[in-house]
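Comments concern the structure below.
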Protein chains: 2
Amino acid sequence: MLRGWRGLGVIRSASPGTRFPQYTRGYAAGLPELTKDRYSHVKRGNFATLEQNHLKFFTDLLGENRVVSNPSDCQAYNVDWIRSVRGYSNCVLKPRTTQEVSEILAFCNRHRLAVCPQGGNTGLVGGSVPVFDEIIVNTGLMNKILSIDEISGVLVCEAGCVLETLDDRLAEKDLMMPLDLGAKGSCHIGGNISTNAGGLRLLRYGNLHGSVLGLEAVKADGEIMDLLSTLKKDNTGFHLKHLFIGSEGTLGLVTKIAIQCPPKPKATNVSFLGLQTFENVLETFQLARKELGEILSSFELIDALSLDIVTGHLGLKSPIQDFPFYVLVETQGSNATHDEDKMNRFLEIAMKTGTVEDGTVTNEDSKIKAIWALRESITEGLLRDGYVFKYDLSLPIKEFYGIVTEFRKRIGEDAVRICGYGHVGDGNIHLNISTKEFSQDILKRIEPFVYEHTSQLRGSVSAEHGIGFRKPKYVHYSKTEPAINLMKDIKRIMDPNGILNPYKVLPS
Amino acid sequence: MLRGWRGLGVIRSASPGTRFPQYTRGYAAGLPELTKDRYSHVKRGNFATLEQNHLKFFTDLLGENRVVSNPSDCQAYNVDWIRSVRGYSNCVLKPRTTQEVSEILAFCNRHRLAVCPQGGNTGLVGGSVPVFDEIIVNTGLMNKILSIDEISGVLVCEAGCVLETLDDRLAEKDLMMPLDLGAKGSCHIGGNISTNAGGLRLLRYGNLHGSVLGLEAVKADGEIMDLLSTLKKDNTGFHLKHLFIGSEGTLGLVTKIAIQCPPKPKATNVSFLGLQTFENVLETFQLARKELGEILSSFELIDALSLDIVTGHLGLKSPIQDFPFYVLVETQGSNATHDEDKMNRFLEIAMKTGTVEDGTVTNEDSKIKAIWALRESITEGLLRDGYVFKYDLSLPIKEFYGIVTEFRKRIGEDAVRICGYGHVGDGNIHLNISTKEFSQDILKRIEPFVYEHTSQLRGSVSAEHGIGFRKPKYVHYSKTEPAINLMKDIKRIMDPNGILNPYKVLPS
């Protein structure tokens, strides 16, 4: 007898009227302080300042419409979407081709003009906006799909394609993107590659180092690196493409991508479960891996205060009663009957053993979306609290949630909210501490402790968000000095003038 | 009515007495010519020559037993196992620790002594033996498993662990290695990483860039690069580990590895099918992807002349009648009933539509091994023909087999055998042309045509074997000049004296 269980296909309250928020900019009110003021210890590099003759070169190359130089028009490109940093660039360039990118970078390199590459500007560590007055090269107009090979499953496209658009186009050919993340409606695939985005289904479809087959990037001096292989196997020399995956635009500007796309699953099942303790979460994860095997595509944790964000601020409805912890378990597979069998068996055991006390499960598209909205809207909803101190940590799975509890002890009532959610399957937690507004005092009580704690557990101080502007001085908590020195050596040979995304990634 | 079909669990003739050859050295008779003579255009670099005081340093460091300097004892380390190249090193070192490797390399770098890193010496492009008198650093004694985490599935081990040994040890904990290849009984995981080995199940478990979580390597100057993360997500700076994956020991000597291991499948099913045409092979592959979905773990092609090698030279028995083409289709999954269902449905459709004319399928371990032996023994059996010109190409899947036919036209009766087999699922064919003995004339009729043809189809001139000694001058067929220049720049900063595996990978 499964008390409280609603059975396959029944979902309580993802009713009509449930709002699915779009991933939009600027929920946080007002503009953040200029980065140069808030982080006044960071000094502008010895770069040239934009002059009229520079603008003339860009306008000659791109035409007037693709050069934005009016300060008010530039503002949206100067601020990150979580409103944590703000640059003051007066030049946004919108190339359409690799050749244009090449000419822009060659010119900037010659004239020592610093450049900030920008995709969908959905980054969370201040990597995609200028720190000072860097010229913004925005890939928004490089948004062509170049080919989709139905037999091999290989997509080739330009860097500015929006992730969700790619996924929609692939769906027409029974394929899917091997990555998915909350920002999919805005983020560019070029930015995904440049930040080595992980996301919601890494557990099933692997990371980008595994699925990106090739790419094209432009080096700081304008040289085009054609590494756009579409082959699954190619052992001809050093595997250079990986230098551009996750280096956040500091080694080159990614212009094209070839990526291996898995078949679109014939069946998706999603369950949303309520649990009393984090130990129950871990037991349920072990059970899911055992029973769901190769079709387990996501195992996401949401704690009570994280769910409260989306039910409170955004008016979404939870399909089950209140619990300290929730998990979203998803399967994607090729046979609906087999997959449903597996999911049912998993749920039966979880309920029988008592690790799960309540839950709902569905294979209906609209209900699946409603459940996913609970998870995917957290980042956005959080901004309604005020300012958010965001940490994205890899930790040993057993110690995964302990850091949330630790911070509740350390900061307590001085924060609006201290919550944790994330990818249990990847050992990746998003720790968020929201306050009414930015506070140096709170910052000092969080950092560097959060990094020291993570380092002691041999975790990563940035699991998937990257380093960007806000974390270079913490890289050493996850990387050794020889490794950092080698990074600097590589930067030096690939961008000797340091024009590409300066002040980011590498510690000074 | 499925004519000729033997049904699940029935296999005809993998009878007792079938021999499963071990992957052993030296089937080819005699020793090959010295590399310095056969490839006399390659000149020895300006490196120091081994002196007594060098040997004294090594003996002081490692003890007498771990320094091999007697020429006859060194011979096995100087020759590759397919007997295609031979160096004349009089110094083989067998470190046990990373610290020892570091001291060896620091010394060699200081004294300009060239070094050839060596694992199991199962490479196929002459990458793992010296070209001249390079000092051989063999990882055979660095063979400790450091940890296996049953919850996360992460294995950490030293570079000299044999692949099959790792797999056996993981099996005790219901895990498996994410790669498998014919040489598994001899090859070292460090060599697998250094050559970015692909193998038989890449289709299901992905490539090493995706599954290697971290590694430790020693740079040419002896500096230890600790990149031994065990985390699935870690976006803290450039992703340096990928420089060591597939660079064949030219940028550093890999000493430790952390790798993500999937759960051992609860069910494995293997079918061995006979087909009339290559078009039938492609149709069957498409069908397998559709019906077997996420559990399809291998789809291997064997042409008639390839099967003839193992039935003829090695006395193995084929379980089905003769066909122009055979495919081996394997599933690995978490539910025996579901998996068998899927395999049966796939086979029923394949037989009904007539793409497959005969076949056998099994889920019994001994029979699975017997079928796999047919595929895995080809490389070894081929050596019985005499000398083998081996090509390992990635090609668009539709043109995959055309190159075999092309060479039969070009070379015909002057070869003992021209055959093709390989990984259809990865677009990777092994083209082999065997002759009684090495022949410059035949070589000229094969190369550079084989590379030009591959390049025209935008394929890879080395899909998984690497570049090693024998292919640097062909890298440009798959890589552009800017890419090769960047490789050279990276080599220069990581190994300024060029002591690590010289004459390999990079074109001069």
* Asked: In the range A:239-284, how many residues are within 30 Å of A:T98 (Cα to Cα) and in a helix (DSSP H, G or I)?
  -> 4
* Structure fact -> When the range B:338-362 is checked residue by residue, the ones that are of a type outside the set (D, E) and either surrounded by fewer than 18 Cβ atoms within 10 Å (Cβ to Cβ) or within 20 Å of the chain's Cα centre (by Cα) (or both) are B:N344, B:R345, B:I349, B:K352, B:T353, B:G354
* Structure fact -> If we ask which residues in the range B:384-405 are within 27 Å of A:E150 (Cα to Cα) and more than 9 Å from every other protein chain (Cβ to nearest Cβ), their number turns out to be 8
* Restricting the range B:228-247 to residues that are in contact (Cβ under 8 Å) with a residue 40 or more places away in the chain and more than 7 Å from chain A (Cβ to nearest Cβ), which is nearest to B:K491 (Cα to Cα)? -> B:F244
* Given the structure, is A:G210 surrounded by fewer than 24 Cβ atoms within 10 Å (Cβ to Cβ) and at the interface with chain B (Cβ under 7 Å from one of its Cβ atoms)? -> yes
* State whether one or more residues within the range A:372-392 are touching a strand residue (DSSP E or B) at 6+ places or on another chain (Cβ under 8 Å), free of Cβ contacts under 8 Å to residues at least 60 places away in the same chain, in a helix (DSSP H, G or I) and not basic (K, R). => no
* How many of the residues making up the range A:286-318 are more than 14 Å from every other protein chain (Cβ to nearest Cβ), among the hydrophobic types (A, V, I, L, M, F, W, C) and closer than 18 Å to A:G427 by Cα? -> 2
* Asked: Among the candidates A:G422, A:G498, which residue alone is within 14 Å of chain B (Cβ to nearest Cβ) and at positive phi?
  -> A:G422
* Asked: Looking at B:R169, is it of a type in the set (D, E, K, R) and within 14 Å of chain A (Cβ to nearest Cβ)?
  -> no
* Using the structure shown, decide if B:G199 is surrounded by 24 or more Cβ atoms within 10 Å (Cβ to Cβ) and within 23 Å of B:Y326 (Cβ to Cβ). => yes
* To do: Evaluate the following for A:A217: is it over 30 Å from A:D322 (Cα atoms), touching a Phe, Trp or Tyr at 6+ places or on another chain (Cβ under 6 Å) and either more than 10 Å from every other protein chain (Cβ to nearest Cβ) or among the basic types (K, R) (or both)?
  => yes
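Residue-by-condition table, conditions (1) within 14 Å of chain A (Cβ to nearest Cβ); (2) touching a residue at least 12 places away in the same chain (Cβ under 8 Å); (3) surrounded by 18 or more Cβ atoms within 10 Å (Cβ to Cβ):
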residue	(1), (2), (3)
B:I418	no, yes, yes
B:I433	no, yes, yes
B:E437	no, yes, no
B:R445	no, yes, no
B:L457	yes, yes, no
B:E464	yes, yes, yes
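Being of a type outside the set (K, R), surrounded by fewer than 23 Cβ atoms within 10 Å (Cβ to Cβ) and under 30 Å from A:L383 (Cα atoms) narrows it down to one residue among A:S128, A:S40, A:S102; which is it?
Step by step, each of A:S128, A:S40, A:S102 is checked, and only A:S40 is of a type outside the set (K, R), surrounded by fewer than 23 Cβ atoms within 10 Å (Cβ to Cβ) and under 30 Å from A:L383 (Cα atoms).
Would you point out which residue out of B:A350, B:A336 is touching a Ser or Thr at 6+ places or on another chain (Cβ under 8 Å), under 30 Å from A:L292 (Cβ atoms) and either within 14 Å of chain A (Cβ to nearest Cβ) or in contact (Cβ under 8 Å) with a residue 60 or more places away in the chain (or both)?
Details: B:A336 fails: touching a Ser or Thr at 6+ places or on another chain (Cβ under 8 Å).
Only one candidate qualifies: B:A350.
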* Asked: Which residues, taken from the range A:216-234, are surrounded by 19 or more Cβ atoms within 10 Å (Cβ to Cβ) and closer than 18 Å to B:L457 by Cα?
  -> A:L227, A:L228, A:S229, A:T230, A:L231, A:K232, A:K233, A:D234
* To do: Only residues that are in a loop (DSSP other than H, G, I, E, B) and among the small types (G, A, S): list them for the range B:435-473, please.
  => B:S439, B:G459, B:S462, B:A463, B:G466, B:G468
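Yes/no matrix, rows are residues, columns are (1) out of contact with any Cys (no Cβ under 9 Å at 6 or more places or on another chain); (2) outside any helix (DSSP H, G or I):
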position	(1), (2)
B:G293	yes, no
B:L305	no, no
B:V327	yes, yes
B:D341	yes, no
B:T360	yes, yes
* **Condition check for B:L296: of a type outside the set (D, E, K, R), over 24 Å from the mean Cα position of the chain (by Cα) and outside the structural domain of B:L175 (by TED's automatic domain parsing)** => no
* To do: Return only the number of the condition from (1) part of a loop (DSSP other than H, G, I, E, B); (2) in contact with a helix residue (DSSP H, G or I) (Cβ under 7 Å, 6 or more places away or on another chain); (3) not charged (D, E, K, R) that B:L200 does not satisfy.
  => (2)
* Residues of the range A:472-486 that turn out to be free of Cβ contacts under 8 Å to residues at least 12 places away in the same chain and at the interface with chain B (Cβ under 7 Å from one of its Cβ atoms), as a count -> 5
* Pull up the range B:389-407, narrow it to residues that are within 19 Å of B:T379 (Cα to Cα) and not aromatic (F, W, Y), then point me to the one that is surrounded by the fewest Cβ atoms within 10 Å (Cβ to Cβ). => B:K390
* Asked: Across the range A:125-166, what is the total count of residues that are over 25 Å from B:A288 (Cβ atoms), among the charged types (D, E, K, R) and out of contact with any helix residue (DSSP H, G or I) (no Cβ under 6 Å at 6 or more places or on another chain)?
  -> 4
* What number of residues within the range A:185-207 satisfy the criterion of being under 9 Å from the mean Cα position of the chain (by Cα) and either over 27 Å from A:I493 (Cβ atoms) or at the interface with chain B (Cβ under 10 Å from one of its Cβ atoms) (or both)? -> 6
* Asked: If you go through the range A:223-238, how many residues are in contact with a strand residue (DSSP E or B) (Cβ under 9 Å, 6 or more places away or on another chain) and either assigned by TED's automatic domain parsing to the domain that holds A:V101 or assigned to a loop (DSSP other than H, G, I, E, B) (or both)?
  -> 9
* Structure fact -> For the range A:485-499, the count of residues that are hydrophobic (A, V, I, L, M, F, W, C) and surrounded by fewer than 20 Cβ atoms within 10 Å (Cβ to Cβ) equals 1
* **Hey, B:Q286 at negative phi and modelled with pLDDT under 95 or not** => yes
* Asked: Which residues, counting only those in the range B:248-275, are of a type outside the set (V, I, T), under 21 Å from B:R345 (Cα atoms) and more than 12 Å from chain A (Cβ to nearest Cβ)?
  -> B:N269, B:S271, B:F272, B:L273, B:G274, B:L275
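The values are calculated or read from the model by the stated rules, or taken from the named source; none is laboratory data. Values in this document were obtained by computation on a predicted structure and should not be read as measured data. Every residue, glycine as well, gets a Cβ built from its backbone with ideal geometry; the counts of neighbours run over all protein chains shown.
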